[in-house]
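Following: one structure in structure tokens, then a few remarks.
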Amino acid sequence: MNSPFSVFFRDLRFRHGLRQQEMAEQLGYEQAYISAIELGKKSPSEDLLRKLAKEMDLSDSDQEALSLAVKESKRKYVLPNEAIA
């Protein structure tokens, strides 16, 4: 299941014309981690977010979009009232 962050991340990679392996090398991660993030299977680490902003030279608007995508991708679990009783 793709999250807002995974969609943003993939689009950013495409805009920079990078393959997953190239982006992984630029950011200092394994290609499998980049793939898992794009598929929504992994959440980005704080380290990845810092490197992403620095290494991809994000504009102010991209940094705002990045922050919003991270916030919207936070997983929340809501239990039905019947389960709480």
Breaking point among (1) open to solvent by 60 Å² or more (accessible area, probe 1.4 Å); (2) of a type outside the set (Gly, Ala, Ser); (3) at pLDDT 95 or above, for Tyr33: (1)
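Out of the range 40-57, which residues are part of a loop (DSSP other than H, G, I, E, B) and open to solvent by 30 Å² or more (accessible area, probe 1.4 Å)?
Just the residues of the range 40-57 that are part of a loop (DSSP other than H, G, I, E, B), to begin with: 40-45, 56-57.
Answer for the range 40-57, where residues must be part of a loop (DSSP other than H, G, I, E, B) and open to solvent by 30 Å² or more (accessible area, probe 1.4 Å): Lys41, Lys42, Ser43, Pro44, Ser45, Asp57.
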Condition met for Ala65 (of a type outside the set (Lys, Arg), touching a residue at least 40 places away in the same chain (Cβ under 8 Å) and either assigned to a helix (DSSP H, G or I) or surrounded by 15 or more Cβ atoms within 10 Å (Cβ to Cβ) (or both)): yes
The range 33-50 residues that are closer than 15 Å to Met23 by Cα, paired with ones that are open to solvent by 80 Å² or more (accessible area, probe 1.4 Å) (beta carbon under 6 Å, 6 or more apart): Ala36/Lys42; Glu38/Arg10
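The values are calculated or read from the model by the stated rules, or taken from the named source; none is laboratory data. Here the structure is a predicted model, which is why all the values come from computation and not from measurement. Ideal geometry is used to build each Cβ from the backbone, glycine not excepted, and the neighbour counts take in all protein chains shown. Just so you know, the surface numbers come from the protein's heavy atoms only, side chains and all, with ligands and any DNA or RNA stripped out. Shrake-Rupley method; radii C 1.70, N 1.55, O 1.52, S 1.80 Å.
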